[in-house]
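Worksheet: one structure, shown below.
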Amino acid sequence: MVAPDIGQGLIAIGAGLAIGLTGIATGIAEKGIGAAAVGAIAENPSFFARGLIMTVIPETIVIFGVAIAFLILGSG
Amino acid sequence: MLKPVEMSKVTIIGPTSSLAATVESLHSLNIIHFTEAGLESDGIFSEGQPMEGASDFSSQLLRIRAAKQLLVPHRETSAVRYTEQDIDSSMKSVMDTVDEILTTYKEKQSLLDRIRYYEERRAELMPLSAFPVKLEHYRDLESVVAFVGNVSRPVDEEMLKITSRFELYSNDGGRFIALFVDRRFTSDVRTMLSLLEFKEFRVPELSGNSIDRIVEIEGQISELRKRIDGLDIRIATLSAKSSDLLNAAEETVSADVSKAEAPLHFSVTEREFVARGWVPSEDIERLTSALSAASGGKIFVDVEVVRPASEQKGPETSGNSPDDSPPVKLRNVSVSKPFELLVRLFSLPSYGEYDPTIVVAITFALFVGLMINDLGYGILMVVLGYILILYFRDSRDMKQLAYILIISGVAGAIFGYFVFGLAFGFPVSPRPLLNPSDFSVAEGLLLLCIVVGLLHMGIGYGFSLSECVAGREPRKALSSAGWIAVLLGFVTMLAGIGRHNQPIGKLIWHYLFFWVSGSSITFSMMAIPDYAVILVAAGLALLIATEGAFALLESISLLANVISYARLAAIAIAGAALAGAINTMLMPRSFSANPAMFIAGLFLLVVAQIFVFIMLTLSAGLQALRLNYIEFFIKFFKGGGRAYKPFGLSRKYTVER
């Protein structure tokens, strides 16, 4: 097996960080919204759709992370 | 198909003598959605009263429902269909059955109460059963006093300090005691016990040996249990025999109740009544001819077709209170009908608005198919959907959900075979279109999904544009056009950046963006086509002119919306990668020569595959839903429609004649 050069390794780490950190950020952001949404749905099930929408809004953060990861990998 | 059914406002006026015939006829038509009686201001009209027998029907219905609750649930034998006449003529025997069920239940409850009573008595005797003392001796002795109860620690030593003339029985490590002492020492012993936190135990006022009493009580309990078993058998027999009949009776009687209470929706005077409601315009003919047949032409029906607010000329015309707007009945072909569930979960479209169900149906199936992208998981979804249909025959929502699962599963299976060529992560197709583990393919797929997003959101803006044009609102129409330009600009920009990607990016650039000139400007090492810049600038200019500078900020969120579609590809690739990783790790174990390893490996493989399936299905479904709700609906959808609930009966257990 050929040893990969250090640049490639750094690129991979960068891509991993982009996805991992944005994933954590999404999780933190969704935590509060999700808890509140579940509470609202328990009171009134017709809040389901709105609750879902509110909960998944921060998911865009991790999608950005994925997009950035691809840009980083593509530039290497 | 894109708009809810057109409704007409009908006003039915007739003499009170034909009220019953009118109600009967409206009920069997099952097309009118009553509006509440708006009492005329001159005070001639009053609210209608329920017809005779309404309260009898209601109490009958209450009893039938109570009895139905108590029956043992069993699979419907849907072959039996009662006619309304059957039920009417056998009403007495139906009510007898209901009474029998209710009395049996009451009897069972009273037996259960008695069992509870005996169990309490037994619990009281239990602690004493360890002591060889007759029950009467706890209270009837002259020279000796008994202390029975709990103490915090054994009392022997403390007792010896007071006197040796005592008899002590203890249990529970000395903490439950029966202490018999010479009456003379009563107060000393009481003081000592109170220091040991003595809690007195009430000895039941029975006599004889406590164990004998317990055996007696247990005999009585088992006797009662036997009687309860007998009653349970009776209820089970009654369930098997009459649950179909009760279902049918419930349907008939609830129809009777709603007919008898129908006049509550009417305005009446002494001689005539006025009923108002909404009827689909296409059914007006049926309504008028049925009513004139029922009353011999004595009834007058006034019809007013209501155009959606957006198509009316001039500012808001007829009353706009929410109760005044027409109810909404969606019209969809049978394949897209289940997806009404997803639209309703968000909100029912308002009257005259575009019904997005058909777009949701197509995109939801497409998105889920793209994300699942696996023949095996697709087939599993179909099977799951079929099982759901079998289990939830009664619930419309669950059935619709099951159909959605089946349709999306079929899409997933087709994508899986032809695009990635995978089944449970194993390659199955000889020539798959794409290899998900190829980086360049993954990149191209992200771009493809963004282009799909362009179409999806473009339809949303198209709906909004068309509504603004129909409503003659040039400013709003121009701003929709502006958004479309910005959207197209953003996607052109991304397609331009990815145009060198092999093979997807190149194909997209070649076939979809052929109209874009090759020239571009370079910005932070990315070549952005001139056309993209022009489109975004032109769109933004239009937006600033129509909506103000705030639109600049919002355009950023549109960019976020566009990139958001990349999740389709991301989940598809992640799913394939996850299944592939599991297979690579666990397959060698499953084909081990060691039988123990073989079984363990196979078990782990199955568990892991189920895990991937659940994760993938859940996240694919939620993401497809989200793309529709957030990226698509927000562009045009208002919602807040009232559901169309016609006066009548959708029969399940009975037939009319």
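Throughout, read-outs are computed from the coordinates displayed, never taken from laboratory work. Just so we're clear, the structure is a prediction, and the values are computed from it rather than from any experiment. In this analysis, Cβ positions are derived from the backbone assuming ideal geometry, glycine residues included, and neighbour counts consider all displayed protein chains.
Quick one: the Cα spread of segment A:9-75 along its three principal axes, in angstroms, biggest first?
Extents along the principal axes: 50, 16, 9 Å.
Name the shape class, rounded, prolate or oblate, that the alpha-carbon gyration tensor gives for the protein assembly as shown, where a ≥ b ≥ c are the square roots of its eigenvalues, rounded holds for a/c under 1.5, and otherwise prolate holds if a/b is larger than b/c and oblate otherwise. Please list the in-between numbers first.
Numbers: a/c = 2.42, a/b = 1.33, b/c = 1.83.
Because a/c hits 1.5 or more and a/b fails to exceed b/c, the protein assembly as shown counts as oblate.
If you plug each phi of segment B:526-542 into the Karplus form 6.51 cos²θ - 1.76 cosθ + 1.60 with θ = phi - 60°, what whole-Hz ³J(HN,Hα) values come out, in order, with x for Gly and Pro?
Per-residue couplings from phi come out as 10, 8, 9, x, 4, 4, 4, 4, 5, 4, 5, 5, 5, x, 5, 4, 4 Hz.
What is the distance in Å between the Cα centroid of segment B:495-563 and that of segment B:189-203?
One Cα centre to the other: 88 Å.
Taking Cα atoms, how many degrees apart are the long axis of helix B:550-564 and the longest axis of chain B, rounded to 10 and kept between 0 and 90?
The helix B:550-564 is inclined about 70 degrees to chain B.
Based on DSSP, what percent of beta bridges with both residues in chain B are antiparallel, to the nearest 5? Walk me through the numbers before you get to the answer.
Details: 43 of 46 bridges.
Within chain B, antiparallel bridges account for around 95 percent of the total.
Classify chain B from the C-alpha gyration tensor, please: rounded if a/c falls under 1.5, else prolate or oblate depending on whether a/b exceeds b/c. Spell out each step's value before the answer.
Values: a/c = 2.48, a/b = 1.42, b/c = 1.74.
Oblate shape, in that a/c is at least 1.5 and b/c is the bigger or equal ratio.
At q = 0.24 Å⁻¹, what is the base-10 log of I(q)/I(0) for segment B:535-630 according to the Debye formula with one equal point scatterer per Cα and no solvent? Please give it to two decimals.
Computed log10 I(q)/I(0) values: -1.11.
Using only Cα atoms, locate the centre of segment B:117-134 and the centre of segment B:347-371, then give the distance between them in Å, rounded to an integer.
Distance between centres, Cα-based: 68 Å.
Can you give me the P(r) profile for segment B:99-247? Cα pairs, bins 5 angstrom wide beginning at 0, each as a whole percent.
2, 8, 15, 15, 12, 9, 7, 6, 6, 5, 5, 4, 2, 2, 1, 0
How many partner chain Cβ atoms sit within 10 Å of a residue's Cβ in peptide B:558-571, on average, as a whole number?
On the way: counts 0, 0, 5, 1, 0, 5, 6, 1, 6, 7, 0, 2, 8, 1.
That average works out to 3.
For the Cα atoms of chain A, what angle does the longest principal axis make with the long axis of helix A:59-75, in degrees from 0 to 90, nearest 10?
In chain A, helix A:59-75 runs at an angle near 10 degrees to the longest axis.
Taking only Cα atoms, what is the 0 to 90° angle, nearest 10, from helix B:91-125's long axis to the longest principal axis of chain B?
It is inclined by approximately 50 degrees.
Take B:Met597, B:Met525 and order them by how many other Cβ atoms sit within 10 Å, fewest up front. Before the final figure, lay out the partial values.
Details: B:Met597 14, B:Met525 8.
Result, fewest neighbours first: B:Met525, B:Met597.
Per-residue Cβ counts within 10 Å, from other chains only, averaged over A:63-73: what number is that?
Values: counts 9, 4, 1, 9, 8, 0, 1, 9, 4, 0, 3.
Across A:63-73, the average partner-chain Cβ count within 10 Å equals 4.
Taking the mean number of other Cβ atoms within 10 Å as a proxy for protection, how do you rank B:548-559, B:345-356 from highest to lowest? Write out the running numbers ahead of the final one.
Details: B:548-559: 13.2, B:345-356: 21.7.
Sorting B:548-559, B:345-356 by mean packing, highest first, produces B:345-356, B:548-559.
Set the Förster distance to 60 Å, then compute FRET efficiency between B:Arg227 and B:Ser650 from the Cβ-Cβ distance, nearest 0.05.
On the way: r = 42 Å, r/R0 = 0.70.
So the FRET efficiency works out to roughly 0.90.
Averaged over B:337-347, how many beta carbons belonging to a partner chain fall within 10 Å of each residue's beta carbon? Numbers along the way, then the final one.
Details: counts 0, 0, 0, 0, 0, 1, 1, 2, 6, 5, 3.
The shielding value for this peptide is 2.
Compute the distribution of all C-alpha to C-alpha distances in segment B:140-202, in bins of 10 Å from 0, and list the percent of pairs in each, rounded to whole numbers.
24, 63, 14
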